[in-house]
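One structure follows; several queries about it will come next.
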Amino acid sequence: MEKKEIIINNKIYHLSLEFILGFFEGDGSVTIQLKSNPRHNTGKQVILIFEIHQHAIDKDLLKAISIYLDAGKVEIGRKIGEESNWTYRLRISTQKDLFNKLYPILRSQSMVLKKRNNDLNLFLEACKIVEDQKHTNLLGQRELEVRSSKLSSKLNLDSKISLPETFQSLNYEWVRGITDAEGNFNFSIYTRKDKTSSNLGIADPYNNYNKKEVIFRFSIVQENSEITFLNKLTEFFECGNVHMDRKGGGVFTVNNRKELQSKIIPFFEKNELQTIKKHSFLCFKKALDICLKNKVLMDIHYQNLEELKNKTKGNRE
């Protein structure tokens, strides 16, 4: 499928199938469910759902994806607090959309994350069972129950780790999509506890500015069952490293300013993000530029950095 420009509420979204797949791998899910329903001969109704979830601020992107796929509808997912904080979802669940629109697209695709590839294969098998009308008997429904039990959302960490690797290569559009879903552009300003300059390595009692330090971090987080994928990112961007966070998850991180300037910034300038994270990226870029252009940061620089930091508060990360 070709790349398209879709306009929603005067905003232009640049979408491709690879972008949508990457976005789905980060913020999507599939459901295979048998729900009690006495009106059906077997007493159970089969429910198949393909979903992508998003914060209210980016619900128009879900509408654009729905238009691109010509399937599904955007609806409220969760109502928590103010309306601006609600979660929305693009849900594809009707047999017409699943079998005529989504299934023909997905059956020729492979996911990058092994948990998503596992789920996609199970979902496609379930769609085939329903399409062939095998779900109308108890044997077919038992096959659906088995597939439902193997979805990654129902597996423990060890089972996820043991899932087969996909060996799927990364491309620009897919990485753009997964970053819009799971990426994080962050910079922090903190005060050092000693009087040693981080730049010169010597104490300078007359310089109060060296007490502060600015740390930059671009990261993508996944469960540690997806370490292979995170390592692929280091190869793709030709920078960064992979480590475990305090919660035991895997993290791809780029902290080095030169690598951020030469690798990460140019990539996302050329491959534009589509969610609110584009705003976070632009603030991140401006902050990095301030630090790179000024070897010694003065009060005005820290003020500018704080203003940029405040602009990203409340952004979905």
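We did not get these values from a lab; they are worked out from the coordinates using the rules stated. Everything quoted here is computed from the prediction, not taken from an experiment. Heads up, the Cβs are rebuilt from the backbone with ideal geometry, glycines too, and the neighbour counts pull from every protein chain shown.
Which residue fluctuates the most in the chain, going by a Gaussian network model with Cα springs under 10 Å, if the choices are Lys154, Lys115, Lys295?
Among Lys154, Lys115, Lys295, the largest GNM mean-square fluctuation belongs to Lys295.
May I ask you to compute the full-extension gain from Lys79 to Ser159, defined as 0.36 nm times their residue separation minus their alpha-carbon distance, rounded to one decimal in nm?
25.5 nm
Moving to a separate point now. Using packing as a proxy for protection, rank 238-249, 173-184 so that the peptide with the highest average count of other Cβ atoms within 10 Å comes first.
Descending packing order for the listed peptides: 173-184, 238-249.
Sorting check: for 221-231, 139-149, which peptide has the highest mean count of neighbouring beta carbons within 10 Å, and how do the rest follow?
Per-residue mean Cβ counts within 10 Å order the peptides as 221-231, 139-149.
Please determine, in degrees from 0 to 90 and to the nearest 10, the orientation of helix 299-312 with respect to the longest principal axis defined by the Cα atoms of the chain, where the helix direction is its Cα long axis.
With rounding to tens, the tilt is 10 degrees.
I need the P(r) histogram for the range 4-161: all alpha carbon pairs, bin width 5 Å from 0 out to the longest distance, whole percents.
2, 9, 16, 19, 19, 15, 11, 6, 2, 0, 0
Can you give the local net charge around Arg176? Use residues other than it whose beta-carbon is closer than 9 angstrom to its beta-carbon, Lys and Arg +1, Asp and Glu -1.
Around Arg176, the charge tally is -4.
For Cα Rg over 2.2 N^0.38 Å, several values are listed as [x] 1.17; [y] 0.99; [z] 0.94; flag the one computed from this structure.
[x]
Of all alpha-carbon pairs in the range 26-100, indicate the percentage at a distance above 16 angstrom.
So the pairs more than 16 Å apart make up 56 percent of the total in the range 26-100.
Right, here's the next one. Based on alpha-carbon centroids, what's the gap between the range 211-249 and the range 109-131 in Å, whole number please?
Using only Cα atoms to place each centre, the spacing works out to 27 Å.
In a shell of Cβ-Cβ distance under 13 Å around Ser16, excluding Ser16 itself, what net charge do Lys and Arg (+1) and Asp and Glu (-1) give?
That sum, taken over residues with Cβ under 13 Å, equals -3.
In nanometres, what is the gap between the two model label sites at Arg107 and Lys247, each 7 Å from Cα along Cα-to-Cβ?
With each label point 7 Å from Cα toward Cβ, the separation is 3.8 nm.
Which residues does a label at Met1 reach in the range 36-79, if reach means a backbone N under 12 Å from a point 7 Å past the Cα toward the Cβ?
Only 64-72 fall inside the zone, counting backbone N under 12 Å.
Once each part is reduced to its C-alpha centroid, what is the distance from the range 168-183 to the range 45-69 in angstrom?
18
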